[in-house]
């Protein structure tokens, strides 16, 4: 009986749900670092991109890189943030071998941008083609320095330090805990990647560390206060992000259901096992001893050129209006435009925008062919992406140019080759990109047979050699006609127009 | 005493000239830059017992002097400083020249670049003869707390002082003041025409005052801090030490201005080529802050203060008592803010990239801890510890924020005074003349800094310019100086008034004790130091 009551109580309570917030570190795409003139490059020889300031030589001072500020403002504008006209820099202290000054310069008190919103979509439904649009608040975007990298050599028990990354500009974006599962978080991050790439403010490649995402995960029953959260780190792809979060939500629910306690801790995602494991963590005890950065005056950005005070060169400062005018077409706007302009499905607009260069490719083909955009999209998504994905190529590496594809589609549209032949020709073009469509069709003798007499002859041969089938058809089973049509296709290697063939065959057997 | 006084020997005569005078002598061919450089280096060696220098850059100095001679000979000197020997406090970075901050932490450290202010002097043809001694990382007010030992005040080796002393010259000597004691001693002892110090709470003005030289702390942001190893970034300024106000003005004009490597620098107001020869003191209103009648102010110093105030008044300037009510809280706030920035600034000294590294390497943390324990002296370690305490999340509001609020009030006090029509404030620079070393070290560094910085430190809180000018010798034969405080970016006006004051007071030239005795003394000191050191 008790068991029953307990069960009844439990089942009357609302289900536990996951709560997910994200902290994203986006490396700013700039030629030089946030506070020094050193270059920024991935995979440069160790310690080859280190200025005196980056190595924290005593007596060096930070000099703010305007380009990094502009990147943060552009990103803030694209994410609907309020740009703070005056923001401040702070020092965050901790000893770490790859943080040579013993502190990181960040924006703890007044960040450059606040109160933004990221709108993202993901797919639901059995065929995953139902688009659901959601949004998450961006608490703030702050400018800060990246750290260097430590390499631990356990065998010789030594640590090697590479300061190439030390001092590279980062934008830290804090997303409020408003997502509920891995899939939502992954969709939000994917959309963020597209926005950053469109802006050119961050290359946003997670595997190369240009975008680093830490997830704050907790579970609770709706209506109750948020549960104790854990921070999940060491996630290096969007796919792993979703996995890590879902694992962590599940783990926490199980802990609570077995009357355990969730600890406030940092956990690392292990991509091999798909689990999260506790990290050796001192952060809970860490007091960062924040202090204003005395070597950097407040960072001012101005609304318009007119609001720049006298005596300040407008070319040397960050002006919001100037940057607003530079904002490119953002992914969501692109998708809407694609759906409206070309009448394609919404899900296809996602594919076009998600793949770098695919939208341009598609629009290029559409412009050079007479075919309907809805036909072109099939070619692009099925044939082109199918081939690219199977060989792990980027759109820019496609052996078939948009022009060549357009030519092929035009031949099919005008009836010079059949649509099945066209697919065959596509594969030939893929293998031999140096040949033109015309060459391939000619060499392999794939032109459509449009000569009536010849078609009649071929059909006659097929009808004559299939008396039984003809009998069945004549008795009223019209379906068998398809078999004869298939025979004609085989005989002609698909070089016939099915409509014409059907008409001839129907006449012959009637 | 039958030995001729140093000032009358031709070498010393040349060395005791002002920059303006010696620059003219160079152009007139009365002396060459190489001769001048050689004389200065000889003088450094002759006054070695002062312990004013950490590094003597004889070889490079002679090369620089040679190049200056070539320019001067062809009638193309770079400017008023071409060929002029100078020295630099050892907390300014100098390319390819050791920069130690008088700390074991940076012993042997050779920076790959020069501080902007050093580079500007070099670009003007000035000849760097050496790096001067200081308190470790400029933390101190006596120049008694550096790894290279204390600096002696040259004035305690003058005939006047020695004749009053019954003790051994090696046990009875006065401190130089600090933390830029080496730079002050170098200028006072005639081994440099100009020296750079740094001033965070009075570190240029205090030793300048005790060693009887002109010491200027410019407006915060007027001179670049790039390459100055920081103590308190929000208060540090490079300081200028010379033997005349006119010289200080010449150097200021060269060093001031925006530096793209230091974001806190400002555009310098336009300044004429030299201070005005004719200047009507009757247009000036001099404020006397009543709070500066501090306990412990010596009668000698008070007498000088009154005497000079009376001079201003008699010459027709308006002299008026003013109040700076928050001044009394300045030192304690300074202590909090200074420790906080020290804790932060010193965090980079972990033994990884440069400087001292402990041999203990059982773990990274152990290496940090022992490196820092071995590398820093007690004074530095104590400030780091206090600073980290003040910055803890639970203490931040109570200490750091409070101190900053008080800092604003102190700044407001000064602004209000200037807004009321005051042009300059006249105050003592220090409580008294230089203490005897043996007396000075009876109290710890923290106590001494609090006592010694009381008149100099509020100016750093507010970022204002201030200059100290020696006015007379005390009964002990040691310099007494007064400080003038000006308004932000009115450094030129401040120097104009200081120049007038300097002309009225007639401060005597230094006469180091007789040559033969001096050598004996030097040998004695060297032997003694050697015994202590080994």
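Overview of results
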quantity	calculated
Segment B:82-211 - share of DSSP beta bridges that are antiparallel (%, nearest 5)	20 percent
Cα gyration tensor, chain B - rounded (a/c under 1.5), prolate or oblate	rounded
For segment B:176-221 and segment A:457-493, distance of Cα centres in Å	110 Å
Residues A:483, A:86, sorted so that the one with the fewest Cβ neighbours within 10 Å comes first	A:86, A:483
For segment A:331-389: relative contact order, % (alpha-carbon pairs under 8 angstrom, 6 or more apart)	29 percent
Segment A:284-414, relative contact order in percent, only Cα pairs under 8 angstrom and at least six apart counted	18 percent
Residue-averaged [θ]222 nm for chain A, counting only DSSP H segments that reach four residues, each worth -39500 (n - 2.57)	-11500 deg cm²/dmol
Alpha-carbon centroids, segment A:350-406 and segment B:287-304: separation in whole Å	86 Å
Per-selection Rg to Rh, segment A:77-130 - Cα, Kirkwood hydrodynamic radius	1.30
Within the protein assembly as shown, percent of DSSP bridges classed antiparallel, to nearest 5	80 percent
Average other protein chain Cβ within 10 Å of Cβ, residues A:93-106	4
Residues B:110, A:366, sorted so that the one with the fewest Cβ neighbours within 10 Å comes first	B:110, A:366
Ratio of Rg to Rh over segment B:306-422 (Cα coordinates, Kirkwood Rh, two decimals)	1.24
Segment B:283-325: C-alpha gyration tensor shape, a/c 1.5 cut-off, then a/b vs b/c	oblate
Cα-based Rg of segment B:76-160 normalised by 2.2 N^0.38 Å, two decimals	1.25
Taking chain B and dividing mean pair separation by its residue count, relative contact order in percent (alpha carbons under 8 Å, at least six apart)	19 percent
Size descriptor, Kirkwood hydrodynamic radius, that averages inverse alpha-carbon separations across segment B:361-483, Å	18.1 Å
DSSP-defined antiparallel bridges as percent of all bridges, chain B, nearest 5	70 percent
0 to 90° range, to nearest 10: angle between helix A:238-257 axis and chain A longest Cα axis	70 degrees
Packing-based exposure ordering (other Cβ within 10 Å, fewest first) of B:262, B:236	B:262, B:236
Part-to-part distance (alpha-carbon centres) for segment B:313-336 and segment A:295-320, which is given in Å	36 Å
Chain A: angle of helix A:402-413 to the longest principal axis, Cα-based, in degrees nearest 10	30 degrees
Exercise: per-residue mean of other protein chain Cβ atoms within 10 Å, A:60-67	4
Anisotropy class of segment B:269-352 from Cα gyration tensor, a/c 1.5 cut	oblate
Using alpha-carbon coordinates, inclination of helix A:331-342 to the longest axis of chain A, degrees	20 degrees
Inter-chain Cβ neighbour average for residues A:45-58, partner chain, 10 Å	4
Kirkwood hydrodynamic radius of the protein assembly as shown, from inverse mean 1/r over distinct Cα pairs, in Å	34.3 Å
Helix-derived mean residue ellipticity, 222 nm - over chain B, DSSP H n ≥ 4, -39500 (n - 2.57), to 500	-12000 deg cm²/dmol
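All of the numbers you see were taken from the coordinates with simple rules; none came from a lab. Being a predicted model, the structure only gives us computed values, none of them experimental. FYI the Cβ positions are ideal-geometry reconstructions off the backbone, even for glycines, and counts take in every protein chain you see.
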